[in-house]
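The values are calculated or read from the model by the stated rules, or taken from the named source; none is laboratory data. Small disclaimer: the values here were computed from a predicted structure and weren't measured. A quick note on method: Cβ atoms are made from the backbone with ideal geometry, for glycine too, and the neighbour counts reach across all protein chains shown.
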Amino acid sequence: MHELDLIDRKIVAELMRDATLPIAKIADRVGLSQTPCWRRIQRLDASGVLTGRVALADPVRLGFGLTVFVGVVAPDHSQQWRDAFAAAVGTIPEIMETYRMAGEIDYLLRVSVRNMEAFDQLYKRLTDAVPIKNVTSTFAMERIKFGTAYPVNTTHR
């Protein structure tokens with residue numbers, strides 16, 4: 001993959017801020033005409049720099065008022081267990097993010113559920129699906145900062 005130039009980074013920054021912007025508006029903001037801007041967006045899509053375009057929603061207004069960060073310690077580190085764990089978390093839509101970690105925990109999950117009862121059901125589904133050595137859950141009391149746009153440098157090379 002080639003390094004992104006300043007124009008590419010500006011396009012990506014605009015799309016991360018608002019993916020609904022018309023190409024004409026993006027082109028104007030990054031200093032291109034529409035066709036070259038559209039071609040660059042197509043290239044960014046094809047190269048995997050852009051991975052999707054979504055609408056962001058307020059979890060509380062959708063009824064997902066409880067955010068839980070779940071630390072998982074694996075009973076072993078075999079490929080078979082990792083595959084089973086990945087399959088299990090892939091079937092639970094309330095698990096919003098899953099990271100394999102270095103340190104005291106092996107995996108960190110961000111979970112969004114309606115309430116404690118819903119989290120308990122999710123916990124049971126996960127622990128029934130795959131053997132787990134230890135699970136530690138931390139409950140978020142308030143979301144202070146949330147973002148999806150990476151701070152790409154749009155001022156110089």
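Output the residues belonging to the stretch 58-77 that are assigned to a strand (DSSP E or B) and more than 18 Å from the chain's Cα centre (by Cα).
If the condition is that a residue be assigned to a strand (DSSP E or B) and more than 18 Å from the chain's Cα centre (by Cα), then Val72, Val73 are the ones that fit.
Which residues, taken from the stretch 29-53, are part of a helix (DSSP H, G or I) and touching a helix residue (DSSP H, G or I) at 6+ places or on another chain (Cβ under 9 Å)? Quick ask: steps written out before the conclusion?
Filtering the stretch 29-53 down to residues part of a helix (DSSP H, G or I) leaves 29-30, 34-46.
Arg29, Val30, Gln34, Thr35, Pro36, Cys37, Trp38, Arg40, Ile41, Arg43, Leu44, listed by residue number.
Of all residues in the stretch 101-139, which are surrounded by 14 or more Cβ atoms within 10 Å (Cβ to Cβ) and more than 24 Å from Gly65 (Cα to Cα)?
Within the stretch 101-139, Ile105, Asp106, Ala129, Val130, Ile132 qualify.
Name every residue in the stretch 73-132 that is in contact with a helix residue (DSSP H, G or I) (Cβ under 7 Å, 6 or more places away or on another chain) and without any contact (Cβ under 8 Å) to a residue 24 or more places away in the chain, in order of residue number.
Within the stretch 73-132, Thr98 is the sole residue that qualifies.
If you go through the stretch 60-71 one residue at a time, do you hit one that is farther than 25 Å from Ala140 by Cβ and surrounded by 14 or more Cβ atoms within 10 Å (Cβ to Cβ)? Working first, answer last.
Looking only at the stretch 60-71, we keep the residues that are farther than 25 Å from Ala140 by Cβ, and these are none.
No, that holds for no residue.
From the list Arg9, Arg53, pick out the single residue that is at pLDDT below 95, farther than 30 Å from Asp120 by Cα and not acidic (Asp, Glu).
Step by step, each of Arg9, Arg53 is checked, and only Arg53 is at pLDDT below 95, farther than 30 Å from Asp120 by Cα and not acidic (Asp, Glu).
I need the full set of residues from the stretch 1-36 which are surrounded by 12 or more Cβ atoms within 10 Å (Cβ to Cβ), of a type in the set (Asp, Glu) and touching a residue at least 24 places away in the same chain (Cβ under 8 Å), in order please.
Asp8
Residue-wise test of (1) touching an Asp or Glu at 6+ places or on another chain (Cβ under 6 Å); (2) part of a strand (DSSP E or B).
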{"residue": "Ile105", "(1), (2)": "no, no"}
{"residue": "Arg110", "(1), (2)": "yes, yes"}
{"residue": "Glu117", "(1), (2)": "no, no"}
{"residue": "Ile132", "(1), (2)": "no, no"}
{"residue": "Thr136", "(1), (2)": "no, yes"}
{"residue": "Lys145", "(1), (2)": "no, no"}
{"residue": "Tyr150", "(1), (2)": "no, no"}
